[in-house]
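Shown next, in structure tokens, is the structure this report addresses.
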Amino acid sequence: MKKSKLVLGLMALMLVLGMLAGCSGNGRDGEAGGGSTDGGGAVKGEITVITQRTDIVDTVFKQYAAEFNKEYPDVKVNFQALSDYEGQITVRMSSDDYGDVLLLPTSIPLEDTPQFFEPLGDLEEMSKQYIGLEERAVDGKAYGIPIAVNFSGVLYNKKVFADAGVTTAPRTPNEFMAALQAIKEKGDAIPLYTNYADSWPLTQWEAVLTTVAGDVDYVNVTQPNTDDNFVPGQPHYELYKVMYDAVAQGLIEKDPTTTNWEASKSDLANGKIGAMVLGSWAIGQVQELAANPDDIAYMPFPTNAKEVIMPLADDYTLGISKHSKNKAAARAWVDWFINESGYPTTEGGGMSPVVGAPLPDTLKQFEGTDIKFELQTPAQPGQEGWVDKIDKDAEIGLWQPDFKKRIIEAAIGNRKESYDDIMKELNDAWVKSRAKVTK
């Protein structure tokens with residue numbers, strides 16, 4: 001089933017997911033099944049699973065392995081956690097040694113996916129079983145299954161906002177900036193935390209582009225067909241202007257170079273931070289650190305769009321190394337992890353990609369509001385991967401932290417360039433590369 005404008009609202013989402021045909025079981029009918037068996041069909045062998053979850057690799061993941069071994073006693077599962085997943089895994093992928101099961105890095109161009117990963121099955125057939133496969137599908141084959149389907153916005157501490165006199169979640173950029181200013185004047189918390197030093201959290205801002213645009217067509221349909229990607233009034237310009245203005249007005253941490261991701265979660269939970277731009281995957285991580293979990297809430301990114309859309313999108317997708325020596329065991333782990341571990345809606349903080357799975361409580365909280373949850377419209381036929389290709393050729397890094405760090409540095413005054421200077425440079429690069437990619 002094609003996912004063009006799949007969901008028109010929360011109730012529609014529930015209806016569509018409940019009605020889609022297909023099995024929601026283990027689905028071990030994919031193509032990645034070349035590992036060892038004992039001759040009787042039992043899966044056996046040793047696999048290495050590489051994860052980005054440094055916080056739970058020695059606790060929750062070991063519990064997962066114990067549960068997995070009840071079903072697959074002859075498979076030994078080893079874990080490796082990378083603190084800078086994108087940076088470290090791409091270095092490892094220059095060799096054949098990058099584990100058996102791993103998250104598909106977003107920095108790998110879509111068309112290069114088959115060079116590194118094993119196909120999991122036919123896209124059309126697997127789409128009866130999972131949603132969100134399109135983001136890592138090539139030539140009709142699925143290469144990764146989402147570990148969760150997340151929504152994107154702003155994670156915030158309601159008590160911090162309320163103590164500053166802000167009792168309703170701000171909806172527009174002006175309202176958001178006024179709320180941050182009120183928190184600053186109260187003086188007890190950092191209004192907006194960037195996590196500049198860890199770099200990767202800055203990429204979370206890109207995920208809210210659909211909210212700023214107010215249009216599910218923008219990212220994959222409009223964006224690759226326009227030369228006005230970073231000009232005033234357009235979504236990218238308006239999105240990162242919020243970041244620039246917050247920094248320029250002193251509404252972030254005093255010294256961004258000393259930020260700490262793990263500490264920031266605790267500080268947000270305990271009222272030392274007001275808000276952070278993060279995917280829904282972070283909700284549970286922060287709530288479990290809070291004395292009062294109900295203080296931790298989620299809101300759409302501020303937008304001037306007529307419709308407020310919180311985009312549904314894949315978290316990382318889970319796949320199998322093309323060089324794995326135990327592909328059957330690796331596939332068993334992938335299927336079990338997605339279908340039976342419970343990760344997508346607990347530690348993953350989103351909704352399950354399994355067709356027909358129940359919605360998590362974090363999504364139900366918006367029931368009855370005018371906020372819409374929608375998947376982005378896929379690229380038009382023949383334009384698949386254009387955004388990635390333009391981005392790579394232009395060296396912009398839509399999903400990399402580099403130009404976000406430039407924006408912060410410029411707003412602080414550490415760079416002799418203005419916000420408009422940065423945007424013009426990015427747009428010029430976009431225009432040049434778009435002409436090459438789309439010719």
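The values are calculated or read from the model by the stated rules, or taken from the named source; none is laboratory data. Predicted model only: the values in this text are computed from it and were never measured. As a convention, Cβ positions derive from the backbone with ideal geometry for all residues, glycine included, and neighbour counts pool all protein chains shown. Ligands, DNA and RNA are stripped out before the accessible areas are found, and what is left, the full protein with its side chains, is counted by its heavy atoms. Shrake-Rupley method; radii C 1.70, N 1.55, O 1.52, S 1.80 Å.
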Original post:
Inside the stretch 180-208, can you point out the residues that are closer than 26 Å to F403 by Cα and without any contact (Cβ under 8 Å) to a residue 40 or more places away in the chain?
Top reply: none
Original post:
Among the residues of the stretch 343-377 satisfying the criterion of being open to solvent by 30 Å² or more (accessible area, probe 1.4 Å) and on the phi > 0 side of the Ramachandran plot, which is nearest to the chain's Cα centre (by Cα)?
Top reply: G356
**OP:** Examine the stretch 263-285 for a residue that is at pLDDT below 95, among the aliphatic types (A, V, I, L, M) and not in a loop (DSSP other than H, G, I, E, B), and state whether such a residue exists.
**Re:** yes
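Within the group V221, V242, V216, V247, which residue is open to solvent by less than 60 Å² (accessible area, probe 1.4 Å) and within 18 Å of the chain's Cα centre (by Cα)?
On the way: V221 fails: within 18 Å of the chain's Cα centre (by Cα); V242 fails: within 18 Å of the chain's Cα centre (by Cα); V247 fails: within 18 Å of the chain's Cα centre (by Cα).
Among V221, V242, V216, V247, only V216 is open to solvent by less than 60 Å² (accessible area, probe 1.4 Å) and within 18 Å of the chain's Cα centre (by Cα).
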Subject >> Unmet requirement for S433, which otherwise passes all of (1) surrounded by 16 or more Cβ atoms within 10 Å (Cβ to Cβ); (2) without any contact (Cβ under 8 Å) to a residue 40 or more places away in the chain; (3) among the hydroxyl-bearing types (S, T, Y) >> reply: (2)
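This table checks each residue for (1) closer than 28 Å to D112 by Cα; (2) in contact with a strand residue (DSSP E or B) (Cβ under 6 Å, 6 or more places away or on another chain); (3) touching a residue at least 60 places away in the same chain (Cβ under 8 Å).
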site	(1), (2), (3)
F373	no, yes, yes
G382	yes, no, no
K389	yes, no, yes
D393	yes, no, no
W399	yes, no, yes
D402	yes, no, no
I408	no, no, yes
Original post:
Does N195 satisfy being assigned to a loop (DSSP other than H, G, I, E, B) and touching a His at 6+ places or on another chain (Cβ under 9 Å)?
Top reply: no
Original post:
Being more than 14 Å from the chain's Cα centre (by Cα) and under 20 Å from K306 (Cβ atoms), is that true of even one residue in the stretch 133-152?
Top reply: no
**OP:** Scan the stretch 384-393 residue by residue and report those that are out of contact with any Lys or Arg (no Cβ under 7 Å at 6 or more places or on another chain) and either open to solvent by less than 70 Å² (accessible area, probe 1.4 Å) or within 16 Å of F230 (Cβ to Cβ) (or both).
**Re:** G385, W386, V387, D388, D391
